1. Using the scaling law 2.2 N^0.38 Å as the reference, what is the normalised Cα Rg of chain A?
2. Based on the alpha-carbon gyration tensor of segment A:42-96, what equivalent-ellipsoid semi-axes (square roots of 5 times the eigenvalues) come out, in whole Å, largest first?
3. I'd like the FRET efficiency for residue B:346 and residue A:411, computed as 1/(1 + (r/R0)^6) with the beta carbon distance as r and R0 of 30 Å, rounded to 0.05.
4. Kindly put B:43, B:387 in sequence by how many other C-beta atoms sit within 10 Å of each C-beta, fewest to most.
5. What does the average come to when, for each residue of peptide B:152-159, you count the partner chain Cβ atoms lying within 10 Å of its Cβ?
6. Over segment A:239-397, what is the mean sequence separation of C-alpha contacts under 8 Å (at least six apart), divided by residue count, expressed as relative contact order in percent?
7. Net charge near residue A:159, counting Lys/Arg +1 and Asp/Glu -1 over other residues with Cβ under 12 Å of its Cβ?
8. Over all Cα pairs of the protein assembly as shown, how is the pair count split among 10 Å bins, expressed in % and running from 0 up to the last occupied bin?
Protein chains: 2
Amino acid sequence: MSEKPFSQIESLDFTDLADLISERVHNPITIEDFNHRLIAYSTHGNWTDQARMETIMGRRVPETVLNRLWQDGVIQQLMGCDDPIRIQAKNEVGLGDRVAISIRKGQGVLGYIWVQEVNQPLSEKEMQLLRFAAKGMIPKLYQRQTKRRIQQEKSKEFFWEMLLGQVSSHQEIQTKAEDIGIKLPRPFSIFLFESHLPDYESVQKELVYLLHNLKDSFPLTQFPLVVTDQRRLVVMGGGGDARLDFHERSQRFVLDILQRIQDRFGGLPVNGMYGMAYSSFSFVQLCYHQALAVLRAKKHLPQEMKGIFGYDDLGIYRLLPSFVEKNEAESYVNYRLEKLIRYDKDNQSHLLQTLEVYLDCVGRVNVASQYLHIHPNTLAYRLRRITEVSGLNLDDPNQRISMFIDLKLMKLSLLQ
Amino acid sequence: MSEKPFSQIESLDFTDLADLISERVHNPITIEDFNHRLIAYSTHGNWTDQARMETIMGRRVPETVLNRLWQDGVIQQLMGCDDPIRIQAKNEVGLGDRVAISIRKGQGVLGYIWVQEVNQPLSEKEMQLLRFAAKGMIPKLYQRQTKRRIQQEKSKEFFWEMLLGQVSSHQEIQTKAEDIGIKLPRPFSIFLFESHLPDYESVQKELVYLLHNLKDSFPLTQFPLVVTDQRRLVVMGGGGDARLDFHERSQRFVLDILQRIQDRFGGLPVNGMYGMAYSSFSFVQLCYHQALAVLRAKKHLPQEMKGIFGYDDLGIYRLLPSFVEKNEAESYVNYRLEKLIRYDKDNQSHLLQTLEVYLDCVGRVNVASQYLHIHPNTLAYRLRRITEVSGLNLDDPNQRISMFIDLKLMKLSLLQ
DNA sequence: GCCCTTTTTGTGGAAATCCACAAAAAGGGG
DNA sequence: CCCCTTTTTGTGGATTTCCACAAAAAGGGC
């Protein structure tokens, strides 16, 4: 009997193994891990069906195919037994006839072997052969998985070291990454995702899934490092050497992820932000702090921060902390602001709020008055009052801007 | 003979002496120092003429009177001899008939004795008496002057110590000032005047004169400390306990001085600026640096700094140095600005300048287009171009402001 | 020279701003 | 309560902005 059709299994790598199995079952095959990521594929008959091609090109089974297979209960079935299962062609998603078997250790799925039945349907003998192959591959796959997990642990530790500034020189980081065997992207940025949903677990899973899933189909590529911190996910991402559009790509990337999460969970369950783009790894910690700064700004001034995700786009809010520091050092007070505050207190008026809205609306009387639910002329009157009381000259950009800044600053300090 | 009419001269103070002389010459008198500042006056006949009253009230001979006396050559004559001189009434300036004599040591004038001839013209005998009095007063006056000069030296030294932060605690400064015998104003500020005129000497003289002269007639009082540094005059000024209008008073004060200097010397020969208002003397050094910061800002951005003299009014320019620091630390670049710069270079266009003027004009298309000598529609077109090229959203106050700031920052860094 | 794109200028109409002036409404103190 | 000031709202008209569309001008490449 052919009891030992894969006796050399220990000595072969996955690619050779794929070719060997393919030869024996007379059809092209793919070997995938528990997450449907491609581990290896046979070289014969590559151009047979759409799904196979896409899987190989994207190094993962296409999402559409997976969705369909989950819907039809195929995956569930597959995960529940050690036997090969025959799957009817699903032409809508480009999937031809298949036979698939899961590689399991106990109840845990380690991976799958997929056979594309392009040449001829599998005979019972070839099915049996598949069972042998799957069983024989268990230790190899388990070892691979363990190794991966260890490498991932190392990566995480390394990432935290970077984030906390325990390694900070570009060279040091570069060589250490090579040692661990991960390729850091350049230019890069640090992304942060935070959620306060009760079932943070599932959000995080979805996030990780999206990160891995979007990394190929989306402009921002390579996410070698993901760590979680309480209810946050920290990611280093980047690549694609054009630095010019990095900002736009980052923004699109974050927006897309948030959109998808929102579609799935509803509401606004997740916040996302990122630092600036850097090419030198000596900026990792700074970049992380930039993302954190965006987070803080969003917490304190949610209204003003709508639609802002990148540190690049914080604008003046990027500089507010420095302002606070400087103002305290020289005990600065905006005397015009003081006067308005005093006036408001004395007369129970709303000049300050009026001014803020007016400035927020870049001096559009109509817009601002609508926002305040007052007549445009009332706004005009109040503005006149404001200039009279405080001496503020709204035609002077400098006065206007510093008033705006000091207003936001006050708002900030009142909230803390 | 009455050779020793003032034998007790050594033991009397100036006030008693004034009364004594007045009695002997049968007319009211004043004793003044070399700078026409009142040292003492006799108590009889105080309300006799306008000039005398104003002199006593203002503790100095009124400027109008002095001007007239210089014009008529009286002062010159007086300074040139040791004899009493008779001066005809000059009713236009409120001056009645006088006799005056200078008190001189060698060629240097130490002071003057003025006799108001209200009761009767002085006889030759009384004139002689005046000569004796003047001569007898020389050592006393000289001593006084020396003491003053020493005190002034001490003050200056002390002031420098404060400015350079060598004494910095409020208490220490307070007690040290009391030791020296000067009363520091509270609240206070540090004022700075700078001139690059070839004849700086005369400007400085005029400034010191104005400072002493305005200190009574103007809202800002008490200038105990004046030091000069190269082509600058540093002054500590303040007082008048209302802190609310301190800023307005300071501004009016500086403007007034600059106006007068300009009237006298033409052009814009002098720059003046000041720090914020403080009540604790621990801020002296900081306040000085604030005035210096205004000076620097005026040097680098003269256009933007027109009409700004107080650190209070620097607005965002107050914070530019912090920006520079922070930007360098995180090697920040405004990516929108970058794009505009690149576009301008590639197409020899003027989008950046256009944007700057537009922002300087707080978004007034008409004003800005006139300033740029272009059609309003051209400006609108360019603005559209700007938003297309850089992605700048001019309706967002934050983007608008940070663009403004980064523009000024760039201008600043280009100039240095 | 021509063709092309980019930029500037012009026209016209709807909407918004600015200003002066006045009527109404609100609020506070005697 | 009335009187007074402050605030809000209303009206009308000159000016400005905003937009769409088009003609003219400028500049670059072939």
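None of the figures in this text is laboratory data; all of them are computed from the coordinates on show. Just so you know, these numbers come straight off a predicted model, no measurement behind them. All Cβ positions, even for glycine, are placed from backbone atoms using ideal geometry, and neighbour counts span all protein chains on display.
1. 1.35
2. Working through the eigenvalues yields semi-axes of 20, 13, 11 Å.
3. Working: r = 41 Å, r/R0 = 1.37.
Taking R0 as 30 Å, the efficiency between residue B:346 and residue A:411 is 0.15.
4. On the way: B:43 10, B:387 16.
Sorted ascending by nearby Cβ count, the order is B:43, B:387.
5. 0
6. Working: 116 pairs, mean separation 23.1, N = 159.
With pairs under 8 Å counted, the relative contact order is 15 percent.
7. Result for the neighbourhood of residue A:159: -1.
8. Reading the bins upward from 0: 2, 10, 14, 15, 13, 11, 9, 8, 6, 4, 2, 2, 2, 1, 0, 0.
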